[in-house]
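Working notes for the structure below.
The values are calculated or read from the model by the stated rules, or taken from the named source; none is laboratory data. Please read all numbers here as calculations on a predicted model, not as lab measurements. Positions of Cβ are generated from backbone atoms using ideal geometry, with glycine treated the same way; all protein chains shown enter the neighbour counts.
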Amino acid sequence: MNEVLGTRRPDQVAPMGEVAEAGRAYKSELLAGLELAPGQTALDVGCGPGTDLPALLAGVGADGRVIGVDREPGMLEAARRLTAGDPRVTLREGDAHALPVADGEVDRARVDRVLMHVADPPRVLAELRRVGRPGAVIGLAEPDWDTLVVDSDDLDTARAFTRFTATVAVRNATIGRRLPRLAEEAGFRVESVTTTTPVLREVTAADRLLGLGRNTLRAIEQGLLDERRGRDWFASLSERPFLAAVTIFTVVAHLPA
């Protein structure tokens, strides 16, 4: 990893695909939990570049529909390229707090690593309840950043990095463990709660996905990490076999029929 500490500024689309690869197990679990069936309407909140839209399309069949919502025009443009020409796909620019979806329009909805970023997770869940038909199923997947581990001989600095990530860098860092409670408070019936821990062994991909260099620099700038120690820690990550992991919680819940 030859990047100077904190200078990497990855584009928004490429890292999403890397996350999809690293989290293949939880994504499969999330998709299975939705129990998609032909003719249904499925919603992907925060669809990004459309990575997961083809799987939803396969589940709803020739007579189904898939709605992708994202607030970033660049992401939606990538999703359009991926699904070009498929009349079953509708892509809408919008905010998860006020979904551009009609009341009771969807049978299934997925929210994958979106709630950790939003200002008001309960409001997003209230929106999912609004747009879901009776008996609708939602699938939620979020990391719990308190569980982030990065292998290093300098355990104190590794722990300081996790602490910075969980208290400063990520808005809703412990949203993963809160998902079941928030879903029930929104009126859903929780059917299952599972965990998956993707393991990253390639340091450059981990830097892109976890913000290793960027967040180390931010912690130094905010006086939460000694500069020399932080820089030495970051440099050491590429000097030996690498490992990092974080636990993702997956929740499947139903609306009353």
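Okay, residues lined up against (1) within 17 Å of the chain's Cα centre (by Cα); (2) under 22 Å from Val190 (Cβ atoms); (3) among the small types (Gly, Ala, Ser):
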| position | (1), (2), (3) |
| --- | --- |
| Gly46 | yes, yes, yes |
| Gly64 | no, no, yes |
| Glu72 | yes, no, no |
| Leu82 | no, no, no |
| Arg88 | no, no, no |
| Ala119 | yes, no, yes |
| Arg130 | no, yes, no |
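The set of residues in the stretch 195-231 that are modelled with pLDDT of 95 or more, surrounded by fewer than 19 Cβ atoms within 10 Å (Cβ to Cβ) and in contact with a helix residue (DSSP H, G or I) (Cβ under 6 Å, 6 or more places away or on another chain) comprises Glu227, Arg229. Right, Thr41: under 24 Å from Pro87 (Cβ atoms), modelled with pLDDT of 95 or more and surrounded by 19 or more Cβ atoms within 10 Å (Cβ to Cβ) or not? Here the answer is yes, as Thr41 does meet what is asked. Residues in the stretch 56-105 that are of a type in the set (Gly, Ala, Ser), surrounded by fewer than 19 Cβ atoms within 10 Å (Cβ to Cβ) and in contact with a helix residue (DSSP H, G or I) (Cβ under 9 Å, 6 or more places away or on another chain): 3 in all. Looking at (1) aliphatic (A, V, I, L, M); (2) farther than 30 Å from Asp144 by Cβ; (3) at pLDDT 95 or above, which one does Ala84 not meet, given that it meets all the others? Unmet condition: (3). Does the stretch 129-151 contain at least one residue that is touching a residue at least 40 places away in the same chain (Cβ under 8 Å), farther than 21 Å from Ala42 by Cα, assigned to a helix (DSSP H, G or I) and not small (Gly, Ala, Ser)? No, the stretch 129-151 contains no residue that is touching a residue at least 40 places away in the same chain (Cβ under 8 Å), farther than 21 Å from Ala42 by Cα, assigned to a helix (DSSP H, G or I) and not small (Gly, Ala, Ser). Just one of the numbered conditions (1) assigned to a loop (DSSP other than H, G, I, E, B); (2) in contact with an Asp or Glu (Cβ under 9 Å, 6 or more places away or on another chain); (3) modelled with pLDDT of 95 or more; (4) surrounded by fewer than 16 Cβ atoms within 10 Å (Cβ to Cβ) is not true of Arg171: (2).
Every residue, every condition in (1) under 30 Å from Val106 (Cα atoms); (2) not in a loop (DSSP other than H, G, I, E, B), yes or no:
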{"site": "Asp156", "(1), (2)": "no, yes"}
{"site": "Arg178", "(1), (2)": "yes, yes"}
{"site": "Arg214", "(1), (2)": "no, yes"}
{"site": "Ile220", "(1), (2)": "no, yes"}
{"site": "Gly230", "(1), (2)": "no, yes"}
{"site": "Val251", "(1), (2)": "yes, yes"}
{"site": "Ala257", "(1), (2)": "yes, no"}
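Are there strands (runs of 3 or more DSSP E) fully within the stretch 41-119 with at least 1 residues that are touching a residue at least 40 places away in the same chain (Cβ under 8 Å) and aliphatic (A, V, I, L, M)? List them. Outline the logic, then answer.
Details: elements: 41-45, 65-70, 89-93, 106-112.
Because the criterion is at least 1 residues that are touching a residue at least 40 places away in the same chain (Cβ under 8 Å) and aliphatic (A, V, I, L, M), the strands (runs of 3 or more DSSP E) in the stretch 41-119 that meet it are 41-45, 89-93, 106-112.
The set of residues in the stretch 232-255 being closer than 27 Å to Asp112 by Cα, surrounded by fewer than 21 Cβ atoms within 10 Å (Cβ to Cβ) and out of contact with any Lys or Arg (no Cβ under 7 Å at 6 or more places or on another chain) consists of Ala245, Thr247.
Search the stretch 23-38 for residues being part of a helix (DSSP H, G or I) and of a type in the set (A, V, I, L, M, F, W, C), and hand back the single one that is nearest to Val246 (Cα to Cα).
So the residue we want is Ala25.
For the stretch 183-212, filtering for residues that are within 25 Å of Ala25 (Cα to Cα) and assigned to a loop (DSSP other than H, G, I, E, B) leaves 6. The residue pairs whose first member lies in the stretch 159-183 and is charged (D, E, K, R), whose second member is at pLDDT below 95, and whose beta carbons are closer than 9 Å, counting only pairs six or more residues apart or on different chains, are Arg163/Leu224. I'd like the residue in the stretch 190-242 that is in contact (Cβ under 8 Å) with a residue 24 or more places away in the chain and basic (Lys, Arg) and, out of all such residues, is farthest from Arg163 (Cα to Cα). Filtering the stretch 190-242 for residues that are in contact (Cβ under 8 Å) with a residue 24 or more places away in the chain and basic (Lys, Arg), the one farthest from Arg163 (Cα to Cα) comes out as Arg201.
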